[in-house]
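Please read the structure below before turning to the comments.
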Amino acid sequence: MFELPETDPLWSVNKNLRDAPPTRFVATQAIICAVLGLFAFISFCVLRCNFPNIFMARLNYLNNSNKKFMPPLLPVKSLFGWIPVVYRISEHEVLEYAGLDAYVFLGFFRMSIKLLSVCLLFAVTVLSPVRYHFTGNYDQGGDDDGDSGDGTGIMEDGSGESQTDYKAFMWIYVVFTYLFTFLTQYYLLDQTKRVVSMRQKYLGQQNSVTDRTIRLSGIPPELRDETVLKDHIESFNIGKVSSIVICREWQKLNHLFRQREIVIEHLEYYWAEYLGRTQIDSLNIRPFVSSSLALRNGLPPSDEENRYRDETTSEEESLSESLGERSNSSSPDNTQLSESIISFSSTSHRKRPVIKTGFFGYFGKTVDAIDFYSQQLAVLDDEIVSARKSHYPATPTAFVTMDSVATAQMVAQAVLDPHVHFLITRLAPAPHDVIWENVCLPRKDRILKVYYITVLTGLLCVAFIIPVSSLATLLNLKTISKFWPDLGDFLERNVWAQTFVTEMLPVYLFTFLNFVIPYLYVWLSSKQGFVSYGEEELSIVSKNFFYVFVNLFLVFTMAGTASNYWGYLSDTKKLALQLAASLRGLAGFYVDTILLQGLGMMPYKLLLLGQLVQFPYFRASCRTPRQFKELYKPPLFNFGLQLPRPLLILVITIIYSVMSTKILASGLLYFIIGFYVYKYQLIYSCVHPQHSTGKVWPIIFRRVVMGLLIFQLTMAGSLTFTNDYILATCLAPLPLLTVAFLWNFQRNYLPLSFFIALRAIKDDAVDTTSRPNPHSLLTPTKSRTIDERREFNQNYQYPYLVGALDGPWVALDGDQIIMVTSDGTVRKRYTFNEY
């Protein structure tokens, strides 16, 4: 057997390699994951039929927007009938039903499937058979029965000819490193062209207020007036300004509305207690599905729908009479989703609830609860009306709406002022995407938030090194024996205990950390002072990928296979060598992890476990109509939580593509399952309310390129590990070519990933000065994209300045809310868009 002498500097790396896992455990892990995934899949199919309003919740959202743009309806009574429908949904339909961000996200999965399929084909037909011929192993890293155990994968014949043949075989590593690098670049560039082309076409046809608006920051004090600022911008002769909203320090209004929300919550609770909850018919999507289908086919409602509607009529009339209802809208459409009624009927003639006004409601005078909070609400409303008329200091931020999309694009890319940090232009977020609480902050407060959250994020990343590296020691029996000799001796004597501690436990703990910690970064990003939810989401993507890559990959990898990994991290000469050695020892671990996350855990995303777990508890504890409506809100799809893990798995798969065919196969399986899981979620169960611009693609591109560089560094280290310095030198041009590839993207494709080319803007999407209100000519049915329909008739007015002061909700009737006012009750149409 070929072994390195102790005098060789590589011997100190080789001796720390993790013990190779037995092949039988990979099969065991695959069986466990398959059972877990199959259980989740069957559970979803059954639950979807029984609770369609949870698992197809996005249809509620779209139904309140516009029925014309509904995705294909799924059969409710068929367990597996949804699969062919989802399978047949094309890329263009994804764009129409879910928006550009969903198109980019699913396009990343589609690209990964194509790339890994081609790489796996080469690995199975050429690379693995050649490797087996020379080494006796299909994969490098010692995870097969015939491995020598030294990590080199060389057969034990002891001859110099074996070593010579092995070195000759290593040439194939050089060839396939080049091949897989070029394949990755090809598919990455191809997908980039598709995204850029579709983005230009998609956004170029839009004419929403968002597409014509820029966000202007760094406005000097002398320009913080709407008229003065408008004249100043138009003096540049780059276009006309339609409207300007200068953001002001509206913290007083924010405080008043927060108090009002608390009072409304109390008032709705006591109204529900007084009226009584006589019946809550859970919203059922079946009447909606059948009636929508009938509407499309020109058929009348079915007998079942009519019978269901008749059963709710008497309760509706009873409620209206008891509250003295006055309606300001037409009766609800019988074809709407929720024909069921939550009625809080007063027929029981309950006594009015009372409270004590003293300390925590236990002392003081006893008063009528509804009257008490109604008076508080009236006082707050008077204060809000008065506060709206007050003057507030202007901030250096404004939303400037231009007369056309082309003008807005030109202004967004222009340098308006010769002074640094003055009149900085950016494309504006959508009105519903603006975080007005942060916009209202003074500039210094917002900058302070950005800096201290950034510092805290870095400190947390450093702090997580300790638990992650401690977890990584479980991967290596040698390391366990060094830090805990008694446990090491016990594990060495008990094979099953050793398998559990070194194979199963790290995989599941790794998956748990990968799931829990990202939520901490979501919370941190929400406190960072971003102006829009879109910017916040992109920041979450970057933070979470940085965490999973640095802590759960680099630190975990280095710590899991070397007891003195800090020494290697501090020695750049040994970094590539140690990384290669570490990855070779962790091949089995990453096979197990990818199988668990793809085959085992990915189907659980269909179950919407967050919604499913909370539903029975909150369903039983719902006391007010608002709480009930909140219960049926579609869950939000956050790319900051969903994208980093697939990105990391693609990076890991690329890094191992030459060394391990098993990881290639596991990665391909992960992306195939993930593609259809996320496709279903984005179209039928979740909503992504942010304005879709596809800006997440540059993040994906750069992270994959970084994975390519690590792949090349790893392969160079792997060749150096076997003293093949000439072969390692042959890989030197690859990093240079990869950096040039990235430079080409940054220079030529990145601008098209942020802005719309003027030639891409359709003539009919450009407004003229003769159109003072472009939206007056548009209707939701004429709008061409989901964002146009969602942003129909929106503007950049501060919501608390112009929003209606609605009363408490006392009942829901279909898609209408029944609210109490001083004059009786009033109906208002409810849509999920309001959230």
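For this structure, a couple of remarks:
- A single entry from 608, 612 fulfils the requirement of being at pLDDT 75 or above and crowded, with 19+ Cβ neighbours inside 10 Å: 608.
- Pair list, Cβ < 7 Å and 6+ apart or interchain, from the stretch 349-364 residues that are farther than 17 Å from residue 376 by Cβ and surrounded by 10 or more Cβ atoms within 10 Å (Cβ to Cβ) to residues that are modelled with pLDDT of 75 or more and not acidic (Asp, Glu): 350/274
- Out of 795, 833, 773, sole residue that is closer than 21 Å to residue 245 by Cβ, under 32 Å from the mean Cα position of the chain (by Cα), of a type outside the set (Asp, Glu) and modelled with pLDDT under 80: 833
- Subset of the stretch 694-745 [in contact (Cβ under 8 Å) with a residue 40 or more places away in the chain, part of a helix (DSSP H, G or I) and of a type outside the set (A, V, I, L, M, F, W, C)]: 698, 702, 703, 707, 712, 714, 717, 718, 720, 738
- Scan the stretch 204-233 for residues that are part of a helix (DSSP H, G or I) and modelled with pLDDT of 90 or more and the total you get is 11.
- Consider the stretch 414-469 and keep the residues that are at pLDDT 85 or above and of a type in the set (Gly, Ala, Ser). The one that is farthest from residue 509 (Cα to Cα) is 414.
- Residues that are aliphatic (A, V, I, L, M) and without any contact (Cβ under 8 Å) to a residue 60 or more places away in the chain, drawn from the stretch 505-540: 505, 509, 513, 516, 517
- Listed here are the helices (runs of 4 or more DSSP H) enclosed by the stretch 592-646 that have at least 1 residues being more than 28 Å from residue 670 (Cβ to Cβ) and in contact with a Phe, Trp or Tyr (Cβ under 7 Å, 6 or more places away or on another chain): 625-631.
- The stretch 657-710, subset farther than 21 Å from residue 790 by Cα and of a type in the set (Phe, Trp, Tyr), residue surrounded by the most Cβ atoms within 10 Å (Cβ to Cβ): 670
- All positions within the stretch 487-501 that are under 20 Å from residue 26 (Cα atoms) and surrounded by 15 or more Cβ atoms within 10 Å (Cβ to Cβ): 491, 498, 499, 501
- Given (1) small (Gly, Ala, Ser); (2) free of Cβ contacts under 8 Å to residues at least 24 places away in the same chain; (3) outside the structural domain of residue 706 (by TED's automatic domain parsing), index of the condition residue 242 fails: (2)
- Residue 376 meets the conditions (1) assigned to a helix (DSSP H, G or I); (2) out of contact with any His (no Cβ under 9 Å at 6 or more places or on another chain); (3) of a type outside the set (Val, Ile, Thr) in every case but one. The failed one is (2).
- When each of 130, 118, 85, 46 is tested for being over 24 Å from residue 641 (Cα atoms), at pLDDT below 90 and assigned by TED's automatic domain parsing to the domain that holds residue 656, the lone residue that passes is 130.
- Flag for residue 690 being in a helix (DSSP H, G or I) and in contact (Cβ under 8 Å) with a residue 40 or more places away in the chain: no
The values are calculated or read from the model by the stated rules, or taken from the named source; none is laboratory data. This structure is a prediction, so every number in the text was calculated from the model and none was measured. So basically every Cβ, Gly included, is an ideal-geometry build from the backbone, and we count neighbours across all protein chains shown.
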